[in-house]
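What follows is a set of notes on a single structure, which appears directly below.
The values are calculated or read from the model by the stated rules, or taken from the named source; none is laboratory data. On a predicted model such as this, the values are computed, not experimentally measured, just so you know. Just so you know, the surface numbers come from the protein's heavy atoms only, side chains and all, with ligands and any DNA or RNA stripped out. Shrake-Rupley method; radii C 1.70, N 1.55, O 1.52, S 1.80 Å.
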Amino acid sequence: RIVVKARAGWMGMGRGAGSTALGLFQILPVFLCIFPSVTSPCKILKCNSEFWAATSGSHHVGAEEAPEFCTALRAYAHCTRRTARTCRGDLAYHSAVHGIDDLMVQHNCSKDGPTSQPRLRTLPPGDSQERSDSPEICHYEKSFHKHSAAPNYTHCGLFGDPHLRTFTDTFQTCKVQGAWPLIDNNYLNVQVTNTPVLPGSSATATSKLTIIFKSFQECVDQKVYQAEMDELPAAFVDGSKNGGDKHGANSLKITEKVSGQHIEIQAKYIGTTIVVRQVGRYLTFAVRMPEEVVNAVEDRDSQGLYLCLRGCPLNQQIDFQAIRSAQATEGRARRKGPSLAAPPEAFTYETATAKCREKLPVEDLYFQSCVFDLLTTGDVNFMLAAYYAFEDVKMLHSNKDKLHLYERTRVLAPGNTAPTGTHPSLWVALLCLCWLCLL
């Protein structure tokens, strides 16, 4: 069984020489996650991934490998120069530039020479990345003793404009513009960045996703996965497709289902499955995770920012039903704010419901979200996002009786709960009972 341990420390991504310069490159993925200013035009992430894919085949750079290493380093420098204009002022970019200069000097690499694009090294037979056997501790379900109860799995999903289904099956429509943490526990972090769909509108959708798998015992090294609009890679940012050099590396693996559109990440060591899709220009996220992992959080006070567990803050939630009713009566979309640009007229309420019914015949909250998004954005891809989000629920949710949701619920902050929906006659009965006790 997984035991909540001390907070996992950051671990380097690369496997190059133990030099200061390589150490600098090892923390680049961390910079990319901490500073969300690395947006789509700045391709330093791509340069970084290509370099590590070309130089991650051995534990040290020997003299016989220096020409190949220098070629990869020159290609890396060439890549950074190509993206210099769009990355100006970006901390990760400047760290890369300085690190390249240090490595050039350290390995006596000439700045003039071949700059062929780096290629992924083929791993020798028997390398740990090829092993299919893993310790029992690296397989969550196998680590349970026979007398233990089966783990209880939960699901969280984010899609569309954006709509959130939490681990407790609460369904919300939110604003949450900018960077927000979806999951933050002892084993992994997931952060999304939501950007406006149209100028002048507060309708937002997910344009960037970062997942950090923390180093875990003898199973996996720390790995970072990052996707952006029009860039859904089938590998971690270091170019690898599994958990690294450890014996249980294959307990973390990326599989590409549809090129550029659908990837799946299996993290068997924590019993977790993650599905990331690009639908149209935007990303969707879905996860299946054991409750034990969901609740493995050291700082309970910080869980309020953990959207998949607690939902969106009240001031970020949209009154979905009220807006939907207005859309139905007015026959057109209404924006989420009072003074926003005129909505697109591509769909009326009738045409939007007819379109959504093609893919979502059951009029649950996924169907209603589809209608809402078509009216709000006018983009038919949001219908597909709702459809695939429900397909992921069917695959990932452990309780088949809870696939469809029909009521929007809202989570109140601790201490703000109050009895709602209590029938007046119940209060009268309670008052009479108290009066009789006093007689």
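Probing with 1.4 Å while keeping every protein chain in the model, the per residue accessible area of region 245-301 equals 36 Å².
To put it simply, the accessible area of region 195-251 at a 1.4 Å probe is 59 percent carbon and sulfur. Give me, ordered by chain and number, the residues 5 or more places off V279 or on other chains with an amide H under 5 Å from its own placed amide H. Those lying under 5 Å, H to H, from V279 are T284. Entry for region 139-285 at q = 0.11, 0.12, 0.18, 0.20 Å⁻¹: log10 I(q)/I(0) = -0.45, -0.53, -1.09, -1.27, Debye formula applied to identical alpha-carbon scatterers, no solvent contribution. Which pairs, out of K43/K111; K214/K359; K257/K400; K111/K253; K142/K223, put more than 26 Å between their alpha-carbon atoms? In this structure, K214/K359; K111/K253 exceed 26 Å between Cα atoms. Think of a 1.4 Å ball rolled over the protein heavy atoms: region 67-119 then has 56 Å² of accessible area per residue.
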